[in-house]
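Undergrad: Could you have a look at this structure, given as structure tokens, before my questions?
The values are calculated or read from the model by the stated rules, or taken from the named source; none is laboratory data. Quick caveat: nothing in here was measured; it's all calculated off a predicted structure. Note that we place each Cβ from the backbone using ideal geometry, even for glycine, and neighbour counts take in every protein chain shown. Note: accessible area is taken over every heavy atom of the protein model, side chains too, but ligands, DNA and RNA are not part of it. Shrake-Rupley method; radii C 1.70, N 1.55, O 1.52, S 1.80 Å.
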Amino acid sequence: MKNKRIVSFGEILLRLTPQNKSRLTEAIGFDCCYGGSEANVMIALSSMGDETSYLTVLPDNGIGKAAERNLHRYGVRTDEILFKGDILGSYYFEQGFGALNSQVIYNRRYSEIARVDGYEDSFDFDRIFAACDLFHISGITFALSEACRELCFTFLREAKKRHIPVSFDFNYRGKLWSIDTAAKTYREIVPLVDILFCSRRDLGVFLGTSEQEFYDVYDCEYLVIREREIVSADRHRARACIYHHAGTKVEKYECKEREFAVLDRVGSGDAFSAGVLHALLQDGEDIRYAVEFGMSAFVLKHYVAGDILTMTEAEILNFLQNENKDVNR
């Protein structure tokens, strides 16, 4: 089966993690890696065998080139990345353990992608979306600045103009914007979305609806809900379900709850999204397989340090089949 081409727009960040699980106040050395929601999804999809293209704005210096080279390592196309200015966003990640929660400190307010006013003409949308099967974006990118929000909506409109399906992950970050501003924005986004990733809390807080009432208001083809329960910083539980809306029929499948150890949770939601998208793009009717494959990618990411999951489709499928003997593909 021919693998698909997915395009995404977002921010890539430099992550700095104190070594040996030190607290930030005690750190004398940091492990560095690159990440960012949409970039994580594209790298995971590329590792699964899909063709991916990632768009962003990077500083025109060695740090920007290093971030681009990191994407190249995993086969992500970067032809349309803009290089301007000199600031790359970053964040510090203090890893929790046991009852001590993880902490994140952002340093991204003045990154180049947050200062994109008037950049619409810098992108050739006909070229960007040529032979594109899906456009993916998350709420984090909409939250970076008003200028970036407008550019995100331009990408959405250009994708819809070309009848390209859109995937959107709420990915709310309270440190980036208020609930009221996010809710107003999400209610403009969701009518343009074909595949929506969220939690039950997201539906209530941001859309004022529930999963049972969602399809009375919105018309997404797929609604994918994932919930996490934190037992401790290094032990979590999770569950997920998916709805498929085709014509007047709504089909639902809910997978069983998983409990798993946690080495590094960052990027796990992105791995889940990538797994679901990869499976849906192969067979959009098999929603059971899509959410089970996505949950397998999600669980596996917790066993991997850094922001990204780079496992192949065969590796994820092997984990899925060994974990659930009743699901074979």
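Undergrad: If I go through the range 305-316 residue by residue, how many of them are in contact with a helix residue (DSSP H, G or I) (Cβ under 7 Å, 6 or more places away or on another chain) and open to solvent by 10 Å² or more (accessible area, probe 1.4 Å)?
TA: 5
Undergrad: Counting only residues that are in a helix (DSSP H, G or I) and without any contact (Cβ under 8 Å) to a residue 12 or more places away in the chain, which one in the range 90-147 is surrounded by the most Cβ atoms within 10 Å (Cβ to Cβ)?
TA: Applying the filter and picking the extreme gives E146.
Undergrad: Another question, then. Return yes or no: is I225 among the β-branched types (V, I, T), more than 23 Å from D202 (Cα to Cα) and in contact with a helix residue (DSSP H, G or I) (Cβ under 9 Å, 6 or more places away or on another chain)?
TA: Criteria not met by I225.
Undergrad: Would you point out which residue out of E38, E80 is within 22 Å of D133 (Cα to Cα), of a type in the set (D, E), touching an Asp or Glu at 6+ places or on another chain (Cβ under 9 Å) and surrounded by fewer than 20 Cβ atoms within 10 Å (Cβ to Cβ)?
TA: Sole residue among the options that is within 22 Å of D133 (Cα to Cα), of a type in the set (D, E), touching an Asp or Glu at 6+ places or on another chain (Cβ under 9 Å) and surrounded by fewer than 20 Cβ atoms within 10 Å (Cβ to Cβ): E80.
Undergrad: I would also like to ask the following. List pairs: first residue in the range 47-75 and at positive phi and open to solvent by 10 Å² or more (accessible area, probe 1.4 Å), second residue at pLDDT below 95 and not hydroxyl-bearing (S, T, Y) anywhere in the structure, Cβ distance under 9 angstrom, at least six positions apart or on different chains.
TA: G49/N3
Okay, residues lined up against (1) part of a helix (DSSP H, G or I); (2) at negative phi; (3) open to solvent by 50 Å² or more (accessible area, probe 1.4 Å):
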| residue | (1), (2), (3) |
| --- | --- |
| Y172 | no, yes, yes |
| V190 | yes, yes, no |
| L196 | no, yes, no |
| G204 | yes, yes, no |
| Y215 | yes, yes, no |
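Undergrad: Residues being acidic (D, E) and closer than 21 Å to H245 by Cα: count how many of those fall in the range 152-191.
TA: Adding up the residues that qualify gives 2.
Undergrad: Okay, next question. Which residues, taken from the range 170-216, are among the aliphatic types (A, V, I, L, M) and at pLDDT below 95?
TA: Within the range 170-216, just L176 meets the criteria.
Undergrad: Are any residues in the range 258-304 buried (at least 18 other Cβ atoms within 10 Å of the Cβ) and among the hydroxyl-bearing types (S, T, Y), and if so, which ones?
TA: S268, S273, Y289, S296
Undergrad: OK, next. Tell me, please, whether a residue that is open to solvent by less than 30 Å² (accessible area, probe 1.4 Å) and outside any strand (DSSP E or B) can be found in the range 13-25.
TA: Scanning the range 13-25 turns up no residue that is open to solvent by less than 30 Å² (accessible area, probe 1.4 Å) and outside any strand (DSSP E or B).
Undergrad: Additional query: Does the range 264-285 contain any residue that is touching a residue at least 24 places away in the same chain (Cβ under 8 Å) and farther than 28 Å from I140 by Cα?
TA: Yes, the conditions are met somewhere in the range 264-285.
Undergrad: Within the range 117-133, is even one residue within 15 Å of F9 (Cα to Cα) and in contact with a Cys (Cβ under 8 Å, 6 or more places away or on another chain)?
TA: no
Undergrad: Do you know which residues across the range 68-87 are closer than 30 Å to M311 by Cβ and in a loop (DSSP other than H, G, I, E, B)?
TA: Answer for the range 68-87, where residues must be closer than 30 Å to M311 by Cβ and in a loop (DSSP other than H, G, I, E, B): Y74, G75, V76, T78, D79, E80, I81.
Undergrad: To continue, here is another question. Is there a residue being closer than 26 Å to D126 by Cα, of a type in the set (D, E, K, R) and part of a loop (DSSP other than H, G, I, E, B) anywhere in the range 232-249?
TA: There is no residue in the range 232-249 that is closer than 26 Å to D126 by Cα, of a type in the set (D, E, K, R) and part of a loop (DSSP other than H, G, I, E, B).
Undergrad: Kindly establish whether S268 is closer than 19 Å to F93 by Cβ and of a type in the set (S, T, Y).
TA: Considered against the rule, which asks whether it is closer than 19 Å to F93 by Cβ and of a type in the set (S, T, Y), S268 comes out as yes.
Undergrad: Starting from the range 13-28, take each residue that is without any contact (Cβ under 8 Å) to a residue 40 or more places away in the chain and list its partners that are among the hydroxyl-bearing types (S, T, Y) and assigned to a strand (DSSP E or B), counting only C-beta distances under 9 angstrom and pairs at least six apart or across chains.
TA: Hits for this filter: A27/T17; A27/Y92.
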